[in-house]
1. Given the criteria without any contact (Cβ under 8 Å) to a residue 40 or more places away in the chain, under 24 Å from residue B:262 (Cβ atoms), crowded, with 24+ Cβ neighbours inside 10 Å and within 17 Å of the chain's Cα centre (by Cα), does residue B:158 qualify?
2. Sort out which residues of region A:250-271 are in a loop (DSSP other than H, G, I, E, B) and either closer than 12 Å to residue A:337 by Cβ or of a type in the set (Lys, Arg) (or both), and write them in order of number.
3. Do you know which residues across region B:353-375 are within 22 Å of residue B:313 (Cα to Cα) and surrounded by fewer than 24 Cβ atoms within 10 Å (Cβ to Cβ)?
4. Taking the condition within 14 Å of another protein chain (Cβ to nearest Cβ), of a type outside the set (A, V, I, L, M) and more than 21 Å from the chain's Cα centre (by Cα), does residue A:113 pass?
5. Residue A:243 passes all but one of (1) more than 14 Å from chain B (Cβ to nearest Cβ); (2) over 27 Å from residue B:436 (Cα atoms); which number fails?
6. Can you tell me which of (1) surrounded by 19 or more Cβ atoms within 10 Å (Cβ to Cβ); (2) acidic (Asp, Glu); (3) over 19 Å from residue A:157 (Cβ atoms) is the one residue A:231 doesn't meet?
7. Being within 18 Å of residue B:228 (Cβ to Cβ) and out of contact with any helix residue (DSSP H, G or I) (no Cβ under 6 Å at 6 or more places or on another chain) is the filter; apply it to region B:162-172 and report the residue that is surrounded by the fewest Cβ atoms within 10 Å (Cβ to Cβ).
8. Criterion first (among the β-branched types (Val, Ile, Thr), more than 27 Å from residue A:111 (Cβ to Cβ) and touching a Cys at 6+ places or on another chain (Cβ under 7 Å)) does residue B:157 satisfy it?
Number of protein chains: 2
Amino acid sequence: MTYRAQFRCFSGCPGTHALTEAIYRCPTCDGLLEVHHDIEALRDRSPRQWKELFDLRYRGHEFPYGSGVWGKREWIAPQVPDDLIVSTYEGATNLFHARRLGAEIGVPELYVKQCGNAHTGSFKDLGMTVLVSVLRWALRTGAHNTRVIACASTGDTSASLAAYGAIAGLPVVVLLPRGLVSPAQLVQPLAHGATVLALETDFDGCMAVIRELAKRGLIYLANSMNPLRIEGQKTVGIELTQQLEWEVPDWVVLPSGNLGNAAALYAGFRMMVDLGLTNKLPRICVAQAENANPMYRAFMAGSEKVEAIAAKKSHASAIQIGNPVSAPRAMAALKAMNGVVEQASEDELADACARADRTGLYTDPHTGVALACTFKLRDRGLIGSNDRVVVVSTANGLKFTEFKLGYHEKTLADVSPRRANLPITLPADVERIATTLQELSAKAGS
Amino acid sequence: MTYRAQFRCFSGCPGTHALTEAIYRCPTCDGLLEVHHDIEALRDRSPRQWKELFDLRYRGHEFPYGSGVWGKREWIAPQVPDDLIVSTYEGATNLFHARRLGAEIGVPELYVKQCGNAHTGSFKDLGMTVLVSVLRWALRTGAHNTRVIACASTGDTSASLAAYGAIAGLPVVVLLPRGLVSPAQLVQPLAHGATVLALETDFDGCMAVIRELAKRGLIYLANSMNPLRIEGQKTVGIELTQQLEWEVPDWVVLPSGNLGNAAALYAGFRMMVDLGLTNKLPRICVAQAENANPMYRAFMAGSEKVEAIAAKKSHASAIQIGNPVSAPRAMAALKAMNGVVEQASEDELADACARADRTGLYTDPHTGVALACTFKLRDRGLIGSNDRVVVVSTANGLKFTEFKLGYHEKTLADVSPRRANLPITLPADVERIATTLQELSAKAGS
């Protein structure tokens with residue numbers, strides 16, 4: 001295989017670094033790194049050949065190609081040996097055609113990409129399979145010998161890292177501010193046997209500690225600063241296009257906090273254009289919670305620079321981020337994809353979830369943010385009735401029982417439930433129940 | 001399409017009924033019904049042609065063939081028109097090669113079929129897609145006009161029914177004994193807008209009411225007595241064989257309460273043998289909770305008849321059933337598949353979950369029952385080191401946060417956690433943390 005990928009500076013500083021290096025920032029400017037692919041080498045297959053290869057593997061049982069990530073390995077991390085790949089059959093998630101919800105808003109071609117139907121219940125698996133597999137490769141080649149993988153995270157990232165570490169038999173450490181996170185939020189990493197360290201500091205303090213530990217080579221860093229995660233996540237855009245028979249949709253709406261997924265989405269579409277698989281980019285809508293909206297503010301101000309803010313509490317906890325790591329990457333994506341940024345209040349995101357759930361989806365609050373923003377773009381006419389729209393659902397609704405229950409029991413902060421639904425108590429009387437059902441049936445039949 | 005499927009009596013009473021009839025018991029003997037396929041007609045394709053067709057469709061993008069159920073539609077419900085199919089891309093779930101867990105028990109070929117990675121988080125979707133699609137077909141053809149779908153269920157069945165009903169725009173009613181089930185357990189059907197009736201009676205009282213409502217044609221019955229559910233569920237055995245490149249495994253272990261899934265598993269393998277796709281059946285292990293073990297008791301007593309018992313409380317709540325509806329079907333499966341029945345105590349099931357989770361799975365308590373029974377069969381030598389074993393995981397671990405948390409916080413009834421894991425509090429001191437990590441790294445490297 002002649003394909004090659006390497007780290008290089010996102011801002012253009014000279015020099016490259018092997019993917020097996022334990023390096024997370026540009027050594028020249030201390031900015032973000034990105035994975036650079038040898039596009040010329042990848043042109044040895046025609047666009048049609050790439051599509052055929054990807055389609056053939058998509059249905060495959062041969063390890064590791066059934067994975068939506070490793071089925072596109074040449075575009076991701078081409079040199080990792082098969083036996084080092086740690087995969088849970090990532091991706092290949094349902095592109096749910098939301099016919100009822102689409103009909104309600106006058107967009108027949110509304111789809112929801114169900115990335116939460118994954119091994120650990122979120123889209124984070126897409127990136128983590130790449131990171132952990134590349135780490136094993138680095139350990140085998142002796143590029144470094146840091147076996148302990150660590151992240152500072154309260155949610156999906158720590159769950160995903162802990163699972164992949166457990167499968168690989170590598171130790172995982174999760175750093176957290178003490179008292180901020182309950183064991184309930186940590187049950188996945190705890191179950192997977194991760195060492196969870198509750199530090200007597202705040203989240204920034206944890207990040208400072210983890211960067212120092214990484215600098216000393218004591219841990220391998222799994223936070224989203226590590227560009228290997230982006231490489232796996234970029235398959236979302238490629239895969240949803242593949243599911244639409246290689247037709248790029250008009251819009252992709254995705255909830256974003258740290259903004260890595262917006263950058264990843266663009267990277268995937270960019271690569272398809274560069275290699276001739278499509279000649280069009282979709283428009284992107286970056287959907288933020290109003291309580292954590294630094295990119296929305298920059299967009300509204302016409303600024304290219306995202307200023308850090310203090311994020312307020314949001315039910316969409318995974319995107320409750322005031323100082324997004326991947327802001328420069330995401331801003332480049334927004335520009336290239338003729339994008340917009342929209343926001344949703346707590347009430348709007350909860351209502352969007354409840355509305356979607358009534359049509360058979362089971363949405364997490366982040367998907368609620370994306371849906372609420374979709375509704376707004378539709379109301380404003382930015383999304384037209386003939387547009388094909390894909391909303392990216394980033395996590396499994398089953399992770400958010402308290403949020404759902406709180407909605408229907410009307411106990412959620414800053415939310416006025418208009419679609420609450422609770423059990424009705426009745427005597428076990430067939431006649432009485434029959435009457436209730438006949439009313440229901442008449443209402444439904446009308 | 002010339003393929004045909006009809007209802008007929010499981011015990012052999014004469015007569016057949018269209019799949020679109022609202023019929024749930026044999027009108028002659030009041031026993032179970034089954035779906036009978038015209039096997040002769042299905043022989044128009046060779047075994048190789050069937051395999052090629054199924055492989056071609058597997059996870060494809062053309063609706064509805066990407067669904068693991070509808071990709072095999074000729075074997076399931078051949079005549080349902082495409083536009084009436086309600087599908088969430090069922091099945092095609094990961095056959096997780098549990099390398100670490102397998103190595104621990106000396107069975108390198110140990111697999112876990114991840115049926116819980118489904119739209120509603122359980123294997124129930126496999127059957128529900130068939131039931132709801134056939135109902136829509138019945139409504140279109142005018143076979144009957146009962147639009148309200150109902151079940152008595154406290155868990156996965158009501159969640160799945162509510163989601164499919166919501167997608168189809170059909171009203172769903174869930175009947176429950178008042179006070180027995182909390183809103184937390186009901187959050188999925190509530191979110192999907194189902195009418196949940198809490199009746200002032202016990203579970204048997206709910207079943208009596210629902211059967212009377214069905215008899216009057218006021219509801220269409222979605223409980224597992226309806227054999228359409230079995231038809232969808234039978235794809236589990238076919239699909240896992242397909243994933244093993246059409247090689248039948250030596251053992252399939254599955255948790256079972258109402259025993260419908262055991263019957264379904266056999267139905268799938270039987271059809272593969274009848275049509276020549278394989279010439280072998282796997283051995284089956286029906287795994288029951290010790291607290292709800294009527295089939296285990298029958299098996300140990302050498303009896304062919306499962307006597308009803310009063311089930312005791314189990315963490316594996318979905319199989320906490322003392323009087324299983326599908327017992328006759330399951331007994332036939334057990335006999336044909338040279339099967340065994342095994343049981344797991346509360347402590348054993350919880351320990352099996354924790355053990356598996358440490359290797360990267362995230363198991364629900366029912367899968368814990370199946371894994372604990374697998375360990376026992378291995379200890380007894382019934383499962384050999386060269387055997388290929390598939391454990392069927394029926395639900396998503398994300399549905400069982402309280403169970404997992406209770407384990408790690410050591411608060412579960414009848415469980416003595418030996419693998420509990422909780423956060424460690426430390427000062428935010430890099431030197432101190434570095435020491436902790438070096439100890440961890442040394443331990444992991446050894």
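1. Numbers: without any contact (Cβ under 8 Å) to a residue 40 or more places away in the chain: yes; under 24 Å from residue B:262 (Cβ atoms): yes; crowded, with 24+ Cβ neighbours inside 10 Å: yes; within 17 Å of the chain's Cα centre (by Cα): yes.
Answer is yes for this residue.
2. Step one: list which residues in region A:250-271 are in a loop (DSSP other than H, G, I, E, B), which gives A:250, A:256-259.
Passing the criteria: only A:250.
3. The answer is B:354, and nothing else.
4. Working: within 14 Å of another protein chain (Cβ to nearest Cβ): yes; of a type outside the set (A, V, I, L, M): yes; more than 21 Å from the chain's Cα centre (by Cα): no.
No.
5. For residue A:243, the failing item is (1).
6. (3)
7. If we filter region B:162-172 for residues that are within 18 Å of residue B:228 (Cβ to Cβ), which is where we start, we get B:162-165, B:167-168, B:170, B:172.
From the residues that got through so far, the ones that are out of contact with any helix residue (DSSP H, G or I) (no Cβ under 6 Å at 6 or more places or on another chain) too are B:163, B:165, B:167, B:170.
Numbers: B:163: 31, B:165: 28, B:167: 24, B:170: 19.
Checked region B:162-172; the qualifying residue surrounded by the fewest Cβ atoms within 10 Å (Cβ to Cβ) is B:170.
8. Values: among the β-branched types (Val, Ile, Thr): yes; more than 27 Å from residue A:111 (Cβ to Cβ): yes; touching a Cys at 6+ places or on another chain (Cβ under 7 Å): yes.
Criteria met by residue B:157.
The values are calculated or read from the model by the stated rules, or taken from the named source; none is laboratory data. Predicted model only: the values in this text are computed from it and were never measured. Note that each Cβ is placed from the backbone with ideal geometry, even for glycine, and that neighbours are counted across all protein chains shown.
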